[in-house]
Amino acid sequence: MIDFLAHCRSIVGDAFVLDSSADMAPFLTDWRGRFTGKALAVLRPASVDQVAALVRACAQWRVALVPQGGNTGLVLGSVPDAGGGAVVLSLARLNQIRLVDPVNRTMTVDAGCILQQVQEAAAAAGCMFPLSLAAEGSCTIGGNLSTNAGGTAVLRYGNTRELCLGLEVVTPQGEIWSGLRGLRKDNTGYDLRDLFIGAEGTLGVITGAVLKLYPQPKASITALAALPSPAHALQLLTLMQDHCGSSLTGFELMSRYCLELVAQQFPSLPKPFAAPHPQYVLLELSSSESEQHAVGLLEQAIGAALERDVISDAVVATSVAQSAGLWQLREHIPLAQAKAGKNIKHDISLPVSSIADFIAATGPLLDAAFPGCQLVCFGHLGDGNLHYNVAPPDGISNEDFLLNQDKVNRVVHDSVAGFGGSISAEHGIGALKRDELAHYKSAVELNMMRAIKAALDPLGIMNPGKIL
Ligand SMILES: Cc1cc2nc3c(=O)[nH]c(=O)nc-3n(C[C@H](O)[C@H](O)[C@H](O)COP(=O)(O)OP(=O)(O)OC[C@H]3O[C@@H](n4cnc5c(N)ncnc54)[C@H](O)[C@@H]3O)c2cc1C
């Protein structure tokens, strides 16, 4: 393998082939600190041509490669396995905004651009790129595309897939496919772009993308509503959609336990209500007209919800700082969980209408199997997406509880399947959920996926062991 690494050095230069343990360490452990893999080296190309040359070298030497953006993925997709025979291909140095076209409402970016950098470049051109998630200061657009990330604005703008018009990809053979088209209509055969989005680096390396831009809303307003139950949250969703239409841009459910965890771990964050409530919904409304319009819509809808006993109480943010404070409560739930200890995570999606029934049915099943376990249940209710995490009962260590991971997954995922849902809503499959995918997908679906993988990557060098 010395010759292989020399080949890589000849492509990117000595400084950008990292092979000491210390230099490679940040690239080998996943964000949650649950797994550390091994690699021959970390390769850090600075151009699309360098990516293509490195992939050709990997194909020639039969070395597997793991594409990596910000390494914030939550399903062990971006780190290599423990074998030590693969390389990590970091896209971080491909970080240029190539073109902003406000008339076509598109921007063309390198895959290694940080999401926040993309949002800021759109704003500088008077537009908005609506993808938003708590990891936006570190995750890259290539990673967002490869996981088809969701985030907090899916209700109005869709997942990353819906925000992308074109891609540039280096194929597993090291060819460059330039599909950087800024077209909203293009029916010219199979949609190759859609194959690479959500493929988690198993079919090729995304090096660039054409992204959709939107007008910046004139005003956004945030409120936190307190409710007796998830069923009330569904009633509130229907009421808000009827009253506010597409102005409703965020609808996030959080249980009482979630906000208690945030208060314990981050005591300086706001505590909007004097007394606790069983459930909360964080609402965001955006208006293309004015702040007055947004406030009017929200006040009318909240008034109707209070009148019909759909909600028990509500706090409306009256300043940008208050609005940010309410969003911080939502965004700090994963961070509070990480500080509190390890838990067994599920990123599930369900038909929106089934969510309350799912929550009502699944809690008792878990409690019967693991008495006293704690549910950290929150998520993008408007998209039918719950983060349904199970923490150990008091007195049981994280390590002991994690030994039950397979059994806990089976209870939760069987229930999800029973309600017609999906075992991965927005985080992907990676290595973490590969066996679960095999358990729940039909043979027909798995065979089609395997056929696509074999056709595009016959040597099996692209992120092996992930998804399939
Ligand atoms: C605090 C926190 C909050 C989060 N919130 C959300 C959320 O609300 N919604 C949501 O959907 N996700 C969320 N995530 C997870 C989300 O998947 C990632 O944040 C993000 O989309 C991954 O981007 P990344 O650049 O870090 O990718 P990485 O973690 O580096 O990689 C993710 C996967 O994509 C592949 N990949 C990366 N770049 C490329 C490329 N250029 N070409 C081909 N394959 C590539 C990798 O091989 C891997 O399989 C959150 C994560 C954290 C840590």
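General observations
- Residue in region 184-192 that is under 22 Å from the mean Cα position of the chain (by Cα), more than 10 Å from the ligand (Cβ to nearest atom) and under 26 Å from Val79 (Cα atoms) present: yes
- Any chance Val444 is open to solvent by less than 70 Å² (accessible area, probe 1.4 Å), away from the ligand (no atom under 15 Å from the Cβ) and in a helix (DSSP H, G or I): no
- Matching option when the condition is surrounded by 17 or more Cβ atoms within 10 Å (Cβ to Cβ) and assigned to a helix (DSSP H, G or I), among Leu375, Leu366, Leu386: Leu366
- Region 193-206, residues that are near the ligand (Cβ under 8 Å from one of its atoms) and closer than 17 Å to Glu162 by Cβ: Phe196, Ala199, Ile206
- Scoring Cys8 on the criteria (1) more than 16 Å from the ligand (Cβ to nearest atom); (2) open to solvent by 70 Å² or more (accessible area, probe 1.4 Å); (3) within 22 Å of Leu94 (Cβ to Cβ) leaves a single failure, condition (2).
- The one condition from (1) crowded, with 16+ Cβ neighbours inside 10 Å; (2) more than 25 Å from Arg32 (Cα to Cα) that Asn404 does not meet is (2).
- No other residue among Asp313, Asp357, Asp309 is over 30 Å from Val75 (Cα atoms), away from the ligand (no atom under 16 Å from the Cβ) and surrounded by 14 or more Cβ atoms within 10 Å (Cβ to Cβ) apart from Asp313.
- Test for Pro228: is it within 23 Å of Glu331 (Cβ to Cβ), open to solvent by 20 Å² or more (accessible area, probe 1.4 Å) and of a type outside the set (Val, Ile, Thr): no
- Hey, Asp49 away from the ligand (no atom under 12 Å from the Cβ), within 16 Å of Ile206 (Cα to Cα) and surrounded by fewer than 18 Cβ atoms within 10 Å (Cβ to Cβ) or not: yes
- Those residues of region 70-91 which are assigned to a loop (DSSP other than H, G, I, E, B), more than 19 Å from Trp177 (Cβ to Cβ) and near the ligand (Cβ under 9 Å from one of its atoms), in sequence order: Gly70, Asn71, Thr72, Gly73, Leu74, Val75, Leu76, Gly77, Ser78, Val79
- Failed item in (1) free of Cβ contacts under 8 Å to residues at least 24 places away in the same chain; (2) within 12 Å of the ligand (Cβ to nearest atom), with Asp110 passing the rest: (1)
- Only residues that are more than 14 Å from the ligand (Cβ to nearest atom) and among the hydrophobic types (A, V, I, L, M, F, W, C) were counted in region 159-179, giving 1.
- Selection from region 247-291 of residues that are free of Cβ contacts under 8 Å to residues at least 12 places away in the same chain and surrounded by 14 or more Cβ atoms within 10 Å (Cβ to Cβ): Ala263
- Filter result for Glu168 (open to solvent by less than 80 Å² (accessible area, probe 1.4 Å) and either of a type in the set (Val, Ile, Thr) or modelled with pLDDT of 95 or more (or both)): yes
- For the criterion of being away from the ligand (no atom under 11 Å from the Cβ), farther than 19 Å from Ala199 by Cβ and open to solvent by less than 30 Å² (accessible area, probe 1.4 Å), Ala122 passes.
- Residues of region 52-71 that are surrounded by fewer than 23 Cβ atoms within 10 Å (Cβ to Cβ) and within 25 Å of the chain's Cα centre (by Cα): Ala64, Asn71.
- Given (1) of a type outside the set (D, E, K, R); (2) assigned by TED's automatic domain parsing to the domain that holds Val51; (3) within 20 Å of the chain's Cα centre (by Cα), index of the condition Ala86 fails: (3)
- Region 125-153, subset open to solvent by 20 Å² or more (accessible area, probe 1.4 Å) and either assigned to a helix (DSSP H, G or I) or of a type in the set (A, V, I, L, M, F, W, C) (or both), residue farthest from the ligand (Cβ to nearest atom): Ala125
- Only residues that are modelled with pLDDT of 95 or more and either part of a helix (DSSP H, G or I) or of a type in the set (D, E, K, R) (or both) were counted across region 337-363, and they come to 13.
- Only residues that are within 19 Å of Asn389 (Cα to Cα) and not β-branched (Val, Ile, Thr) were counted across region 425-451, and they come to 12.
- Members of region 389-426 found to be closer than 18 Å to Cys258 by Cβ and not in a helix (DSSP H, G or I), listed by number: Asn389, Val390, Ala391, Pro392, Pro393, Asp394, Ala425, Glu426
- Residue match in region 30-39 (condition: open to solvent by less than 20 Å² (accessible area, probe 1.4 Å), within 11 Å of the ligand (Cβ to nearest atom), among the aliphatic types (A, V, I, L, M) and in contact with a strand residue (DSSP E or B) (Cβ under 8 Å, 6 or more places away or on another chain)): no
- Against the list (1) assigned by TED's automatic domain parsing to the domain that holds Thr238; (2) more than 17 Å from the chain's Cα centre (by Cα); (3) open to solvent by 40 Å² or more (accessible area, probe 1.4 Å), the condition Leu329 fails is (3).
The values are calculated or read from the model by the stated rules, or taken from the named source; none is laboratory data. Computed from a predicted structure; not experimentally measured. Cβ atoms come from the backbone with ideal geometry, glycine included; neighbour counts cover every protein chain shown. Protein only, heavy atoms only, side chains kept; ligands, DNA and RNA dropped before computing areas. Shrake-Rupley method; radii C 1.70, N 1.55, O 1.52, S 1.80 Å.
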